[in-house]
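Here the structure comes first, spelled out in structure tokens, and everything after it is commentary.
The values are calculated or read from the model by the stated rules, or taken from the named source; none is laboratory data. Keep in mind the model is a prediction, meaning the values are calculated, not measured. Cβ coordinates were reconstructed from backbone atoms using ideal geometry, including for glycine residues, and neighbour counts include every protein chain displayed. For accessibility, only protein heavy atoms count, side chains too; no ligands or nucleic acids. Shrake-Rupley method; radii C 1.70, N 1.55, O 1.52, S 1.80 Å.
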Amino acid sequence: MLDEFLIDVATTGGVLGAGAELSPQEWRVRLGGAPLWVGETALGLVQDYGLIEVHHLRGEEDGTWRPFGFVIRVDRAGLTVAEVPPRIAAAYGVVSGPAGFAPVRAGIEAAGHALDPYVEWDSDAAAGIVRFRVPETGVGITVTERADGREGRSDGQICRVSRFRDFGQDPGGDRRRDAAR
């Protein structure tokens, strides 16, 4: 179920037990298959698995790809079987269709986590796009509050769930985890 998958990502900070620390090769193994598309963009390396996009930045010192983060692309309605990584489908079953924020929020809070509203560079409350963060995991959730007739969207629907290292919605998240070890 999609809701169960999103609750697990939000409360653990990772996908199938893995956070934003994996290399491109480790993500392939973790998700159980090759990406549908891989390319370099202005922002770095993107591995697109359909439901999940994984991002890496080129290391300044040695030029290797260093982990940056991942995005669960819930806004891609009607995902096909090929667009859901095999290990995600095996663990959660059908993970497509719209995801309502209310049941996901209830599951996150039932697991003992809070949700804090936050503003990011592309947040637009006037356009009905709002964001929440799970402080303990650094996971961000983007919600369409008012769809205003936009195709494929409805009020209270989750668009994306994401976690990034170093930038975005997880300032210091990896330092907190490292300090706990």
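Restricting to segment 97-113, and then to whatever is touching an Asp or Glu at 6+ places or on another chain (Cβ under 8 Å) and at pLDDT below 95, can you tell me which residue is least open to solvent (accessible area, probe 1.4 Å)?
Ala99
Got a sec? Which of Glu61, Glu83 is of a type in the set (D, E, K, R) and without any contact (Cβ under 8 Å) to a residue 40 or more places away in the chain?
Glu61
Each row is one residue, and each column tells you yes or no for (1) open to solvent by 30 Å² or more (accessible area, probe 1.4 Å); (2) at pLDDT 85 or above; (3) within 25 Å of Gly17 (Cβ to Cβ).
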{"residue": "Glu120", "(1), (2), (3)": "yes, no, no"}
{"residue": "Ile129", "(1), (2), (3)": "no, no, no"}
{"residue": "Thr137", "(1), (2), (3)": "no, yes, yes"}
{"residue": "Ala147", "(1), (2), (3)": "no, no, no"}
{"residue": "Arg153", "(1), (2), (3)": "yes, no, no"}
{"residue": "Cys159", "(1), (2), (3)": "no, yes, yes"}
{"residue": "Ser162", "(1), (2), (3)": "no, yes, yes"}
{"residue": "Asp170", "(1), (2), (3)": "no, no, yes"}
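Within segment 66-74, does at least one residue satisfy the condition of being farther than 13 Å from Ser162 by Cα and either modelled with pLDDT of 90 or more or touching an Asp or Glu at 6+ places or on another chain (Cβ under 7 Å) (or both)?
Scanning segment 66-74 turns up at least one residue that is farther than 13 Å from Ser162 by Cα and either modelled with pLDDT of 90 or more or touching an Asp or Glu at 6+ places or on another chain (Cβ under 7 Å) (or both).
Name the residues in segment 17-56 that are open to solvent by less than 50 Å² (accessible area, probe 1.4 Å), in contact (Cβ under 8 Å) with a residue 24 or more places away in the chain and either closer than 24 Å to Val104 by Cα or of a type in the set (Gly, Ala, Ser) (or both), would you?
Listed by number, the residues that qualify are Gly19, Ala20, Ser23, Leu31, Gly32, Gly33, Gly44, Tyr49, Gly50, Leu51, Ile52, Val54.
Just for strands (runs of 3 or more DSSP E) wholly inside segment 10-124: which have at least 3 residues that are among the hydrophobic types (A, V, I, L, M, F, W, C), under 13 Å from the mean Cα position of the chain (by Cα) and within 22 Å of Ile158 (Cα to Cα)?
65-73
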